[in-house]
Amino acid sequence: MALYSEKVMDHFRNPRNVGVIEDADGVGEVGNAKCGDIMKIYLKINGGIITDVKFETFGCGSAIASSSIATELIKGKPVSEAMTLTNKAVAEALDGLPAYKMHCSVLAEEAIKAAILDYYEKNGIPYDEKDFPSFSCEHCD
Ligand code: FES
């Protein structure tokens, strides 16, 4: 069996929604300290709906494929739905990732949550810190 699914290879070779949104409503950047890979997600949000999403990923093929499919999964969806996207769902949408590459899909979940947190903070929208366990401290004074 091939190490990577066709879907992973497709999203790695032809990533969707690559780029920057200059006037983004929320931007999230996360990194993995071990491998050094970095993922940045830009969200455009209108009336609670994610109308556009772009990403920049400096990382491995699985991280690029994870970002690409994650943007497809949340585009056009309510912010509340994007909040529930797990790394497992990202990996499943890619028809699986090798076990030692699962952490790459975690970056996608975290980058989206970081971008949503940025959106909440910029707009004074109340949120539950428990929903952002790994990011709340980055924004502490
Ligand atoms: Fe770092 Fe994949 S090896 S995100």
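Going by the structure shown, is L43 touching a strand residue (DSSP E or B) at 6+ places or on another chain (Cβ under 8 Å), aliphatic (A, V, I, L, M) and more than 16 Å from the ligand (Cβ to nearest atom)?
Yes, satisfied.
Being under 11 Å from the mean Cα position of the chain (by Cα), more than 15 Å from the ligand (Cβ to nearest atom) and among the acidic types (D, E): is that true of E72 here? Let's see the steps before the verdict.
Values: under 11 Å from the mean Cα position of the chain (by Cα): yes; more than 15 Å from the ligand (Cβ to nearest atom): yes; among the acidic types (D, E): yes.
It is true that E72 is under 11 Å from the mean Cα position of the chain (by Cα), more than 15 Å from the ligand (Cβ to nearest atom) and among the acidic types (D, E).
Which one of K101, K122, K75, K44 is in contact with a helix residue (DSSP H, G or I) (Cβ under 6 Å, 6 or more places away or on another chain) and basic (K, R)?
Unique residue meeting the criteria: K101.
None of the figures in this text is laboratory data; all of them are computed from the coordinates on show. Because the structure is predicted, anything quoted here is derived from the model rather than measured. Note that each Cβ is placed from the backbone with ideal geometry, even for glycine, and that neighbours are counted across all protein chains shown.
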